[in-house]
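Below: the structure, in structure tokens.
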Amino acid sequence: MSAARSFDPGRPWLAPYAPRAASMAASLAQGHDAAAVLSNAAPGIELPAGPLRFVQPDAAPAGEAYEAFIFRTAQVPTRDDLHDFFNGLVWLHFPRAKQRLNELQAGEIARAGIGATRGPLRDALTVFDENGAVLDAPAALWQALLARDWPRLFVSERARWHEARLLVFGHALLEKLAMPRKALTAHVLWAPGAIRSIAIDDAAIAAALAPSHLAAKPFAPLPVLGVPGWWPANEVPGFYDDVAVFRPPRSPRH
């Protein structure tokens, strides 16, 4: 799996995952299959349907939805690529949060089936699972983010980022960050108290995933390479002046 060698586990956004990611990347580089490597790291993680396992991508019966299969079997179909590797890595570190997302997805599928559109809740669940991040930060930073007041968020309030922690949860975003680009943007969920220093409270994140809250799409867009300490270029004056990335607030509709 050559893709597993194309990311740097020392990146700041990978700090919660780094030790395990580095050791598993070494196993993958030796030619071991991603599903087997992830499964070997999963003993002790129990889901309602049984112990968490990572299986080949064709393990699910034809016609059964991916999320429904995981809910029924506790098995995660896993392709041998970086996208599914990061999905497995998030499962290993945050099993309660991932289980919560899965049970909500499976519940919606059981209720409404698979249609042309997902509906507001499944759409929000998918956005967070693929591209989400969790921010535990002072209210002043969250308000600046909601307002897209980038100078306040990243310049005048820069020192307050020492009181904040941002967890990149979405596995598709982690995959994209293997080749960092300034425009990469997370859908951020504010969860005060969910992250304590570098130790992440899996249960608190799971508790923040309330269906009614998620269905309202409570996410704020955050270009992640703007986070202080995450990218050397953001120390340079003018980094945040790029309106193609740090977009101004939307004008109110009349």
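The values are calculated or read from the model by the stated rules, or taken from the named source; none is laboratory data. Fair warning: this is a prediction, and the values are worked out from it, not measured in the lab. Here Cβ is always computed from backbone atoms with ideal geometry, including for glycine, and neighbour counts include all displayed protein chains.
Looking at PHE54, PHE69, just one residue is of a type in the set (A, V, I, L, M, F, W, C), within 14 Å of HIS171 (Cβ to Cβ) and at pLDDT 95 or above, and that residue is PHE54. Here the stretch 152-161 is the region considered, the condition is being of a type outside the set (D, E, K, R) and surrounded by 16 or more Cβ atoms within 10 Å (Cβ to Cβ), and the residue that is farthest from VAL243 (Cα to Cα) is TRP161.
Within the stretch 206-254, can you find the residues that are of a type in the set (Phe, Trp, Tyr) and more than 24 Å from the chain's Cα centre (by Cα)? Passing the criteria: only PHE239. Scanning the stretch 22-48 for residues that are touching a residue at least 24 places away in the same chain (Cβ under 8 Å), part of a helix (DSSP H, G or I) and over 17 Å from THR73 (Cβ atoms) turns up MET24, LEU28, ALA29, ALA34. Selection over the stretch 179-223 of residues that are at pLDDT below 85 and loosely packed, with under 15 Cβ neighbours inside 10 Å gives a count of 6. Residues in the stretch 173-193 that are in a helix (DSSP H, G or I), in contact (Cβ under 8 Å) with a residue 40 or more places away in the chain and not acidic (Asp, Glu): LEU173, LEU174.
Picking from residues in the stretch 67-93 that are in a helix (DSSP H, G or I) and over 17 Å from the mean Cα position of the chain (by Cα), the one that is surrounded by the most Cβ atoms within 10 Å (Cβ to Cβ) is ILE70.
Count of the stretch 49-58 residues, restricted to those that are surrounded by 15 or more Cβ atoms within 10 Å (Cβ to Cβ) and part of a strand (DSSP E or B), is 3. Among the residues of the stretch 34-48, those identified as surrounded by fewer than 19 Cβ atoms within 10 Å (Cβ to Cβ) and either of a type in the set (Val, Ile, Thr) or over 16 Å from LEU89 (Cα atoms) (or both) are ILE45, PRO48. Just to be sure, is ALA164 surrounded by fewer than 20 Cβ atoms within 10 Å (Cβ to Cβ), in contact with a strand residue (DSSP E or B) (Cβ under 8 Å, 6 or more places away or on another chain) and over 22 Å from ALA216 (Cβ atoms)? Yes; evaluated as a whole, the condition is true for this residue.
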